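Take a look at the structure below.
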Amino acid sequence: MAIMNSHHAWTFTFGILGNIISFMVYLAPLPTFYRIFRKKSTEGFQSIPYLVALFSAMLWLYYALLKKDAVLLITINLFGCFIETIYISMFIAYAPKAPRNLTLKMFASMNMGVFSLIVLTSQFLVKSSYRVQVLGWICVAISVSVFAAPLSIVAQVIRTRSVEFMPISLSFFLTLCAVMWFGYGLFLKDICVALPNVLGFILGLLQMLLYGIYRNSTKKVIGENKLPEHIKSIVIISTLGTLEVYPVDAQPYADGGDDHDVKRDGAKEEPEEQREEPEKSMESPGPDLQAIECAV
């Protein structure tokens, strides 16, 4: 009995810590969306990471509801669905026509279409005794398949010897997240939660190792590797009970400033300088006119 209570206590502890860290990670894009709200423009950011994050949270929420003994999975994924919906809504509100239409199409096809297909298939084509297992392995398959995104970032760091695309703070918290949800899945005896977080932990360690190796490197991203937008949309993924995919403002300018703001400010200052010159030219004849008046 004491062993069971201890086992339950560890499950609860890892689940609470996983919720706390995941909550903070879910709020990581807030500066990005404050910037979007302030400038009323998405500025080259992409909606795909938020659509994938919402899709993952929906799947894990459905899984947790079927499992019935995973309350802490329900809480964090319910919050994930809520916050990701807000992010996507803001993106749709401020995105140009083409990205907005693409976002709506992807939302309809993936978040509504594919998710509905999974729900209907699991409810009507899978026996109730196997339903949780089948859905769990679907969640695992999707979690593992999207690791192509962070692996591409890892490859880019190695190729360019630059870590400007890989913020260490987010990598650290995602790695910590993977540890917490692995522990939760382990003590809950749920391999579907624990397994993808092993890969998440390994990938997180690899990201931090690369950061340690290349953090002092001066090589910059040049040529075809440099993204055209002044904002670089970075995808870093971790599998927890939930899956997070977040773009990060990579601050491509060394001074941390916004080049577009500088250009706008420069564009504003230039006319002011031009306006000042005529004023000075009008003022400069002042003494001459006074001399003429005195002479008369």
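The values are calculated or read from the model by the stated rules, or taken from the named source; none is laboratory data. What you see is a predicted model; the values in this text were computed from it and never measured. When we count neighbours, we look across all protein chains shown, and the Cβ atoms used for this are built from the backbone with ideal geometry, even at glycine. When the accessible area is computed, the model is the full protein with side chains, heavy atoms only, and any ligands, DNA or RNA have been set aside. Shrake-Rupley method; radii C 1.70, N 1.55, O 1.52, S 1.80 Å.
Miscellaneous remarks
- Heavy-atom accessible area per residue - segment 3-104, 1.4 Å, Å²: 47
- Between Ser217 and Asn101, the simple label model (points 7 Å from Cα in the Cβ direction) yields a spacing of 4.0 nm.
- Solvent exposure ordering (accessible area, 1.4 Å, most first) of Ile213, Ile92: Ile213, Ile92
- Top positive-direction residue, dipole computed over segment 1-156 with Cβ charges, set Pro99, Ile21, Tyr50: Pro99
- Segment 181-190 - phi-based ³J(HN,Hα) in whole Hz, Karplus 6.51/-1.76/1.60, Gly and Pro as x: 6, 5, x, 4, x, 5, 6, 7, 6, 10
- When Tyr94, Tyr34, Tyr214 are compared by accessible surface with a 1.4 Å probe, the order from highest to lowest is Tyr34, Tyr94, Tyr214.
- Estimated distance in nm for a label pair at Phe124 and Lys189, the labels positioned 7 Å out from Cα along Cα-to-Cβ: 3.5
- The listed residues Arg35, Arg215 rank as Arg215, Arg35 when sorted by accessible area, largest first, using a 1.4 Å probe.
- Packing rank of 120-133, 99-112, 36-49, 178-191, where each peptide gets the mean count of other beta carbons within 10 Å, highest leading: 178-191, 36-49, 99-112, 120-133
- Residue-wise HN-Hα coupling along segment 105-117, computed from phi with Karplus coefficients 6.51, -1.76, 1.60 (Hz; x: Gly, Pro): 5, 5, 4, 5, 7, 8, 6, 9, x, 5, 5, 4, 4
- Counted residue by residue at 0.36 nm each, then reduced by the alpha carbon distance between them, the extension gain from Leu66 to Ser152 reaches 27.6 nm.
- Rolling a 1.4 Å probe across the protein heavy atoms gives segment 105-184 an accessible surface of 50 Å² per residue.
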